[in-house]
Amino acid sequence: MKDNVVAVDLGGTHIRSALINEKGEILARTERETLAQEGPEPVIGRIEACIRDVARGTEPISIAAPGPLNPWKGIIHQAPNLPGWRDVPLADILHRAFKVPVYLNNDANLAALGEHRFGAGQGINDLIYLTISTGIGGGIISQGELLLGTKGLAAEIGHMILEPEGPPCGCGGRGHLESLASGTAIARRAVEEMEKGAETSITRLVEGELSKVTAKVVAQAAQEGDPLANSIFKEAGFYIGLGIANLLHILNPQLVILGGGVSKAGDLLFDPVRATVKARTMLSYQEGLQIVPTALGGDVGLLGAAAFVLKTG
Ligand SMILES: [Zn+2]
């Protein structure tokens, strides 16, 4: 009982919480809609309700949240999917409410830790985790330790610059990996080509409504053999492969794990990623390297949050 953790995954659409033991087994879980547009206070109320649903006693609380945030002070500086959140001392607020230790970390960083402790990266001390969904996030484990940087802001892999004059990124930059290969970018590329009059089965899948085009629909069209959809996934995979090649030369990991909704496209994404890494990385960095899908799926944030506390002891 003493080794259980209450883990919380604070997302833009859902808040999920779970009671997790030291083996990574989920003993209880709950979920609420974030309703982020209502602002911080009601969202914090829902976080507290989620915690009360699963807590059995005085378990420590560990939160996975979107960044940028300060993991040592437990403050969320801002979060693109949580309107109104500016320098919110979430760990302090929850500590006052529950009187237990509260930890706050970046969700993608925790995902790397979760895979390291419970998932595809068990026993591997140098690994990189990339989540490819609406945006692109990352976490890096180097020599068994989470790489945080001087302000806890490290491993924002999605904002690696790959095309200096490329498409605008949500952060204000240009040509970032996220603006070239995220789910949002994949959908945007499809819409651009459709507006130019490209013939594609995506048109049928969305019944002609461009606003319904998502990366999932583009993946479906690609699976059906649609040439445009295939070329868009090939391009996204190419850029992710370039990003990974850069990371391999800098960090020399043994394992790269790809998670997030877009990674569910499977070979459609993994084939061009692996081909690009093979073509663009020095041979010694490729030897023994594996590029694999997440083993923890949608629970990676919760399990990562638990792993952080178990590691901290
Ligand atoms: Zn960016």
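Numbers at a glance
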{"quantity": "Those residues of the range 134-155 which are under 28 Å from residue 215 (Cα atoms) and surrounded by 21 or more Cβ atoms within 10 Å (Cβ to Cβ), in sequence order", "calculated": "134, 135, 136, 137, 138, 139, 140, 155"}
{"quantity": "Residue pairs meeting the criteria (Cβ under 6 Å; at least 6 apart or on separate chains; first of a type in the set (Ser, Thr, Tyr), in the range 175-190; second more than 12 Å from the ligand (Cβ to nearest atom) and at pLDDT below 95)", "calculated": "184/134"}
{"quantity": "Matching residues in the range 144-196 - criterion: being more than 15 Å from the ligand (Cβ to nearest atom) and part of a helix (DSSP H, G or I)", "calculated": "186, 187, 189, 190, 191, 192, 193, 194, 195"}
{"quantity": "Listing of strands (runs of 3 or more DSSP E) fully contained in the range 1-65 that carry 3 or more residues being surrounded by fewer than 19 Cβ atoms within 10 Å (Cβ to Cβ)", "calculated": "26-33"}
{"quantity": "Hits in the range 237-267 (condition: free of Cβ contacts under 8 Å to residues at least 40 places away in the same chain and among the small types (Gly, Ala, Ser))", "calculated": "241, 245, 266"}
{"quantity": "Any hit, the range 89-99, residues being surrounded by fewer than 21 Cβ atoms within 10 Å (Cβ to Cβ) and in contact with a Pro (Cβ under 9 Å, 6 or more places away or on another chain)", "calculated": "yes"}
{"quantity": "Test: residue 130 is closer than 23 Å to residue 268 by Cα, surrounded by 15 or more Cβ atoms within 10 Å (Cβ to Cβ), modelled with pLDDT of 95 or more and within 16 Å of the ligand (Cβ to nearest atom)", "calculated": "yes"}
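The values are calculated or read from the model by the stated rules, or taken from the named source; none is laboratory data. None of these values were measured; they are calculated from a predicted model. Using ideal geometry, Cβ is built from the backbone for each residue, glycine included, and neighbour counts are taken over all protein chains shown.
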